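These notes concern the structure reproduced below.
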Amino acid sequence: MSSPTAVSSPQPTGGYTPPGPLARLIQSTRQHGQVATARSAAEWSLRFAGGPAVARRVRGARSFELGGVRFDYRDDWHNWTWLNERAVEIPIAAAAMKSVDPSRTIEVGAVMSHYGYNAHRVIDKYEHGEGVEQIDIFDLPPTPVHDL
C-alpha cells in the first residue's frame, strides 16, 4: 500500500490535477514536522476565516509599489486572492492590459476572465469556459502577432 505523495499524475485527458489537502499535509509533515505543519495549517485557517478584511489589517496597507507604480491589492473571494500571489498579480496584469489593444492581446492560461477582464483572446489547454480556446501555446501559428 502506497502513501499519498505531493506528486500529481495527469488525468486520462491530459489535464493536471494538483495534490489534494491530505497529500500536501503529509508532504509538509515529512519536510517540516508535525508541529510546524499544524501551526501553518492553523494560521492559514485563521487567515481564510478572517477573509479580505483581516488580510488588509495584517498587511497594514491597501496597496503596494512596483517599479515606481502604486497598485491596490486585489482581495477577492474567487481563488481567495488575499491568501496568495493573485493579490499582486491581478492588479499588475490589469494595468498592463489597459495599455494595449484587446484585439492584439492574448492570455495564456485563463485567469483574468475570473476577475472581469474578458475583451481579449484567451487560450488554456485544459480549462473550459466561455471564450476560452483549448489550445496549447506551442500549437499556435506564428501570426497574428500579439502585443501582450
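The values are calculated or read from the model by the stated rules, or taken from the named source; none is laboratory data. This one's a predicted model, so the numbers in the text were calculated from it and none came from an experiment. Every residue, glycine as well, gets a Cβ built from its backbone with ideal geometry; the counts of neighbours run over all protein chains shown. Ligands, DNA and RNA are stripped out before the accessible areas are found, and what is left, the full protein with its side chains, is counted by its heavy atoms. Shrake-Rupley method; radii C 1.70, N 1.55, O 1.52, S 1.80 Å.
Here are some notes:
- Set side by side, the residues 91, 142 differ, and just one is free of Cβ contacts under 8 Å to residues at least 24 places away in the same chain and in a loop (DSSP other than H, G, I, E, B), which is 142.
- Subset of region 75-88 (residues that are in a loop (DSSP other than H, G, I, E, B) and touching a Phe, Trp or Tyr at 6+ places or on another chain (Cβ under 7 Å)): 75, 76
- Filter result for residue 133 (open to solvent by 60 Å² or more (accessible area, probe 1.4 Å), charged (D, E, K, R), at pLDDT 90 or above and in contact with a strand residue (DSSP E or B) (Cβ under 7 Å, 6 or more places away or on another chain)): yes
- Of the residues making up region 60-68, one or more are loosely packed, with under 15 Cβ neighbours inside 10 Å, of a type outside the set (Lys, Arg) and at pLDDT below 90.
- Test: residue in region 42-58 that is hydroxyl-bearing (Ser, Thr, Tyr) and in a helix (DSSP H, G or I): yes
- Filtered by the rule that a residue be loosely packed, with under 15 Cβ neighbours inside 10 Å, among the charged types (D, E, K, R) and not in a helix (DSSP H, G or I), region 94-114 gives a lone residue, 101.
- Against the list (1) in contact with a Ser or Thr (Cβ under 7 Å, 6 or more places away or on another chain); (2) buried (at least 17 other Cβ atoms within 10 Å of the Cβ), the condition residue 117 fails is (1).
- The set of residues in region 40-58 that are open to solvent by 70 Å² or more (accessible area, probe 1.4 Å) and either over 23 Å from residue 25 (Cα atoms) or of a type in the set (D, E, K, R) (or both) comprises 43, 47, 56, 57, 58.
- Subset of region 92-105 [over 21 Å from residue 75 (Cβ atoms) and in contact with a helix residue (DSSP H, G or I) (Cβ under 9 Å, 6 or more places away or on another chain)]: 105
- The set of residues in region 69-91 that are open to solvent by 70 Å² or more (accessible area, probe 1.4 Å), out of contact with any helix residue (DSSP H, G or I) (no Cβ under 9 Å at 6 or more places or on another chain) and either under 29 Å from residue 143 (Cβ atoms) or not acidic (Asp, Glu) (or both) contains only 70.
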